[in-house]
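A.B. asks: Dropping a structure here in structure tokens format, bear with me for questions.
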Amino acid sequence: MCGIVGITGKDNAVEILINGLEKLEYRGYDSAGIYVNNGNGNDFLVKVKGRIADLKDKVTADVKGTAGIGHTRWATHGVPSETNAHPHISENGRFYLVHNGVIGNFKELRAKYLSDVHFASETDTEVIVQMVEHFSNEGLETKEAFKKTISVLDESSSYAFLLMDREDPETLYVAKSKSPLLIGVGEGFNAVCSDSMAMLKETHEFIELTDGDVVVVKPDSIEIEDKNGKKIERKPFYVDQDASASEKGAYEHYMLKEIDEQPAVMRKLATEYFDENGNIKIEADLLKAIEASDRIYIVAAGTSYHAGLVGHELFEKLAKIPTEVHVSSEFGYNMPLLSEKPFFIYLTQSGETADSRQVLVQTNEMGYPSLTITNVPNSTLSREASYTLLLHAGPEIAVASTKAYTAQIAVEAILAKKLGEERGIEAAKDFDIHLELAKVANAMQTMVDEKHEIEELAEKNLKTTRNAFYIGRSIDYDTAIEAALKLKEVSYVQTEGFASGELKHGTIALIEEGTPVIAIITDEKTAAHTRSNVQEVIARGANVITIVSRSLSNAGDQIVLPDVHPLLTPLVSIVPAQLLAYYTSKQRGYDVDKPRNLAKSVTVE
């Protein structure tokens with residue numbers, strides 16, 4: 001969601017802040033702003049509703065500074081507007097603040113402490129900066145006023161705060177709870193960011209912050225206090241990633257680039273998780289912990305939840321371990337009756353998903369073991385889970401996840417295969433996943449090489465439609481749900497994924513002349529049944545696109561997939577669905593990489 005950047009000790013602070021905000025555009029936002037100070041009494045606040053490009057246009061040549069803070073906002077409290085954009089300023093003009101998260105008791109704080117303050121915005125964030133001023137006016141030093149403000153926030157509040165005092169402009173005041181924040185470590189300068197990607201041009205050394213930390217950052221020093229006020233030393237970690245890895249290159253959109261990168265991701269996973277003899281490399285303690293459980297609970301949100309649905313098939317069929325899949329935002333507040341020895345798997349691209357994290361906090365308190373499968377090392381869910389497996393998918397910038405989704409399924413398959421081997425399950429022993437992932441990579445490549453045919457199908461069937469349906473059975477139903485999400489989130493076509501056998505139980509009432517219905521058919525057991533359902537919608541005027549494995553294909557099928565192992569077909573069948581979504585959005589003239597109202601990293605519940 002929102003993005004934070006900060007810098008102190010650099011002459012080109014404006015350039016660094018703007019570049020950092022551009023790197024955070026993938027998170028989704030509706031407004032942006034920066035505040036910079038040159039240390040000689042001159043400072044500048046620039047905010048806009050809209051894109052970073054609009055902010056750059058508004059930053060004039062005289063806007064310069066050696067320290068500053070910046071923010072991209074995804075609206076929670078208050079409409080998207082320049083006034084509601086961050087940074088927010090205190091009434092006396094002394095303090096400037098950017099914030100990710102939500103303040104649960106902002107109304108109560110405003111009534112108790114700030115009844116005589118004139119507010120410029122509708123946001124909960126402005127309450128915080130006004131509170132700092134309030135406690136400063138009572139005689140507290142800036143750091144103490146900042147800590148005092150934090151101390152009166154309720155437990156439901158989440159925050160990543162970055163504060164500047166124009167009377168001490170080289171100092172950045174930082175605090176974090178539930179929202180991610182990092183300190184970038186440099187020589188003669190230091191930085192703050194919500195994602196290391198924002199500062200990789202400046203440094204590869206970062207310090208991770210934990211909940212309750214309060215940090216004072218100066219060009220030559222970083223002082224960290226934990227939630228108990230104790231000063232602590234925390235060593236930085238190195239982010240081994242090239243800043244250019246997140247560039248589009250020759251591609252028009254990140255989404256298309258990331259779809260095309262999926263064959264390479266499958267090959268990358270083969271190098272990371274297999275030794276030279278094709279044996280799977282997974283920590284023995286992790287395998288023992290899962291084997292000691294009596295049930296796996298996969299907890300995730302959005303696209304990751306859909307990857308979990310496929311994971312359910314993999315763990316039950318290859319490892320013979322009962323598996324449940326749950327939406328994290330529901331699970332956390334309506335936890336089902338758990339088995340005696342549960343093991344939790346958290347699927348998350350960013351490793352910062354707030355809905356999933358609040359479940360992890362609960363299961364940690366209960367003492368249950370857990371695994372996070374994520375694309376981001378050192379992310380919150382990675383640090384706080386018992387174990388981590390990485391996706392190795394590289395930066396995913398487009399809001400609509402593509403390569404992270406297929407990487408999640410592939411890692412689940414590798415883990416399920418290894419567990420099945422350890423448990424002596426015949427289905428796992430007969431499953432040469434190293435070879436099968438190579439076949440998947442080749443099959444994916446075939447599909448991305450046929451993108452122009454898929455582009456034509458999108459123009460013919462989806463460019464002007466108001467709604468559409470994906471249908472499938474068994475594992476194809478899991479794919480249909482994700483395919484529908486891809487189409488709706490980037491093209492705004494009202495799309496639903498249905499178990500095809502359920503059409504006649506109500507949904508077929510929505511089929512009318514010209515309605516697009518996309519049928520996924522890769523399961524031999526149910527192929528004939530789904531084809532029968534296709535005939536039912538054709539009889540009612542639907543325009544049908546079929547996505548079919550080659551061994552099950554008929555003359556007239558529009559998209560034919562290379563054959564792969566039946567449990568891995570979701571890795572291939574989703575690729576044409578991703579391309580259909582991409583081209584439909586592009587043909588409609590939408591911003592493919594940054595669809596409206598959506599955020600890449602959802603860091604509030």
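A.B. asks: Go through segment 84-139 and count every residue that is among the β-branched types (V, I, T) and under 12 Å from L163 (Cα atoms).
C.D. replies: Residues in segment 84-139 being among the β-branched types (V, I, T) and under 12 Å from L163 (Cα atoms): 6 in total.
A.B. asks: Tell me whether segment 502-511 contains one or more residues that are crowded, with 18+ Cβ neighbours inside 10 Å and either of a type in the set (S, T, N, Q) or in contact (Cβ under 8 Å) with a residue 60 or more places away in the chain (or both).
C.D. replies: No, because not a single residue in segment 502-511 is crowded, with 18+ Cβ neighbours inside 10 Å and either of a type in the set (S, T, N, Q) or in contact (Cβ under 8 Å) with a residue 60 or more places away in the chain (or both).
A.B. asks: Scan segment 528-565 residue by residue and report those that are modelled with pLDDT of 95 or more, surrounded by fewer than 16 Cβ atoms within 10 Å (Cβ to Cβ) and among the aliphatic types (A, V, I, L, M).
C.D. replies: Answer for segment 528-565, where residues must be modelled with pLDDT of 95 or more, surrounded by fewer than 16 Cβ atoms within 10 Å (Cβ to Cβ) and among the aliphatic types (A, V, I, L, M): just A528.
A.B. asks: Then there's this: Those residues that are assigned to a strand (DSSP E or B) and surrounded by fewer than 17 Cβ atoms within 10 Å (Cβ to Cβ), I need them from segment 281-298; list them, please.
C.D. replies: Selection gives R295 alone.
A.B. asks: Something else: Of the numbered conditions (1) touching a strand residue (DSSP E or B) at 6+ places or on another chain (Cβ under 9 Å); (2) in a loop (DSSP other than H, G, I, E, B); (3) over 21 Å from G186 (Cα atoms), N92 satisfies every one except a single condition; which is it?
C.D. replies: Evaluating N92 over (1) touching a strand residue (DSSP E or B) at 6+ places or on another chain (Cβ under 9 Å); (2) in a loop (DSSP other than H, G, I, E, B); (3) over 21 Å from G186 (Cα atoms) leaves (1) as the failure.
Residue-wise test of (1) modelled with pLDDT of 95 or more; (2) more than 26 Å from the chain's Cα centre (by Cα); (3) among the small types (G, A, S).
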| position | (1), (2), (3) |
| --- | --- |
| T72 | no, no, no |
| G78 | no, no, yes |
| N84 | no, no, no |
| I89 | yes, yes, no |
| L97 | yes, no, no |
| G104 | no, no, yes |
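A.B. asks: From (1) more than 25 Å from the chain's Cα centre (by Cα); (2) within 22 Å of L579 (Cβ to Cβ); (3) at pLDDT below 95, pick out the condition that doesn't hold for L462.
C.D. replies: Only one criterion is unmet by L462, namely (3).
A.B. asks: Which of the residues belonging to segment 165-176 are surrounded by fewer than 21 Cβ atoms within 10 Å (Cβ to Cβ) and in contact (Cβ under 8 Å) with a residue 60 or more places away in the chain?
C.D. replies: Matches in segment 165-176: R166, E167, E170, T171.
A.B. asks: Find the residue count for segment 523-545, including only residues that are under 11 Å from D476 (Cβ atoms) and polar (S, T, N, Q).
C.D. replies: Of the residues in that region, 2 qualify.
A.B. asks: Within segment 433-451, identify whether any single residue is basic (K, R) and either within 17 Å of D275 (Cα to Cα) or surrounded by fewer than 23 Cβ atoms within 10 Å (Cβ to Cβ) (or both), and answer yes or no.
C.D. replies: Yes, that holds for at least one residue.
A.B. asks: Among the listed residues N543, N533, identify the single one that is in the same structural domain as A484 (by TED's automatic domain parsing), touching a Leu at 6+ places or on another chain (Cβ under 7 Å), touching a residue at least 60 places away in the same chain (Cβ under 8 Å) and more than 23 Å from A443 (Cβ to Cβ).
C.D. replies: Only one candidate passes the filter, namely N533.
A.B. asks: If we scan segment 357-368, do we find a residue that is under 21 Å from I425 (Cα atoms) and either surrounded by fewer than 17 Cβ atoms within 10 Å (Cβ to Cβ) or assigned by TED's automatic domain parsing to the domain that holds S179 (or both)?
C.D. replies: Looking for residues that are under 21 Å from I425 (Cα atoms) and either surrounded by fewer than 17 Cβ atoms within 10 Å (Cβ to Cβ) or assigned by TED's automatic domain parsing to the domain that holds S179 (or both), one finds none in segment 357-368, hence no.
A.B. asks: Can you run down the residue pairs with Cβ atoms below 9 Å, 6 or more apart or on separate chains, where the first is in segment 267-291 and not assigned by TED's automatic domain parsing to the domain that holds E422 and the partner is not acidic (D, E)?
C.D. replies: Sorted first by the residue in segment 267-291, then by its partner, the list stays empty.
A.B. asks: Specify the residue that is farthest from Y477 (Cα to Cα); the eligible residues are those in segment 489-522 that are in a helix (DSSP H, G or I) and polar (S, T, N, Q).
C.D. replies: Ranking the qualifying residues of segment 489-522, first place goes to S491.
A.B. asks: Do you know which residues across segment 569-589 are within 17 Å of V493 (Cα to Cα) and assigned to a helix (DSSP H, G or I)?
C.D. replies: P576, A577, Q578, L579, L580, A581, Y582, Y583, T584, S585, K586, Q587
Conditions (1) modelled with pLDDT of 90 or more; (2) within 18 Å of D593 (Cα to Cα); (3) touching a Ser or Thr at 6+ places or on another chain (Cβ under 8 Å), marked per residue:
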| position | (1), (2), (3) |
| --- | --- |
| E247 | no, yes, no |
| A250 | no, yes, no |
| L256 | yes, yes, no |
| Q262 | yes, yes, yes |
| R267 | yes, no, no |
| E272 | yes, no, no |
| E276 | no, no, no |
| A292 | yes, no, no |
| R295 | yes, no, yes |
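A.B. asks: Can you tell me which of (1) surrounded by fewer than 16 Cβ atoms within 10 Å (Cβ to Cβ); (2) more than 26 Å from V79 (Cα to Cα); (3) in contact with a Gly (Cβ under 8 Å, 6 or more places away or on another chain); (4) polar (S, T, N, Q) is the one N190 doesn't meet?
C.D. replies: Condition (1) is where N190 drops out.
A.B. asks: Another question, if that's okay. Tell me the helices (runs of 4 or more DSSP H) entirely within segment 398-449 that contain at least 1 residues that are touching a Ser or Thr at 6+ places or on another chain (Cβ under 6 Å) and at pLDDT 95 or above.
C.D. replies: In segment 398-449, 403-422 are the helices (runs of 4 or more DSSP H) which contain 1 or more residues that are touching a Ser or Thr at 6+ places or on another chain (Cβ under 6 Å) and at pLDDT 95 or above.
A.B. asks: Can I ask one more? Of the residues that sit in segment 5-26 and are under 16 Å from the mean Cα position of the chain (by Cα) and not aromatic (F, W, Y), which one is nearest to N100 (Cα to Cα)?
C.D. replies: L24
A.B. asks: Yes or no: segment 51-66 includes at least one residue that is in the same structural domain as A198 (by TED's automatic domain parsing), touching a Lys or Arg at 6+ places or on another chain (Cβ under 9 Å) and of a type in the set (D, E, K, R).
C.D. replies: The answer is yes; a qualifying residue exists.
A.B. asks: Let me ask something else. Pull out all pairs, ordered by first then second residue, where Cβ-Cβ is under 6 Å, the residues are six or more apart or on different chains, the first lies in segment 413-436 and is under 16 Å from K268 (Cβ atoms), and the second is aromatic (F, W, Y).
C.D. replies: Cβ pairs passing all conditions: I414/Y273; H434/F274.
A.B. asks: Do you know which residues across segment 184-216 are at pLDDT below 95 and aliphatic (A, V, I, L, M)?
C.D. replies: Within segment 184-216, M197, A198, M199, L200, I207, L209 qualify.
The values are calculated or read from the model by the stated rules, or taken from the named source; none is laboratory data. Please read these numbers as outputs of a predicted model, since none were measured by experiment. Backbone-built Cβ (ideal geometry, glycine too); neighbour counts: all protein chains shown.
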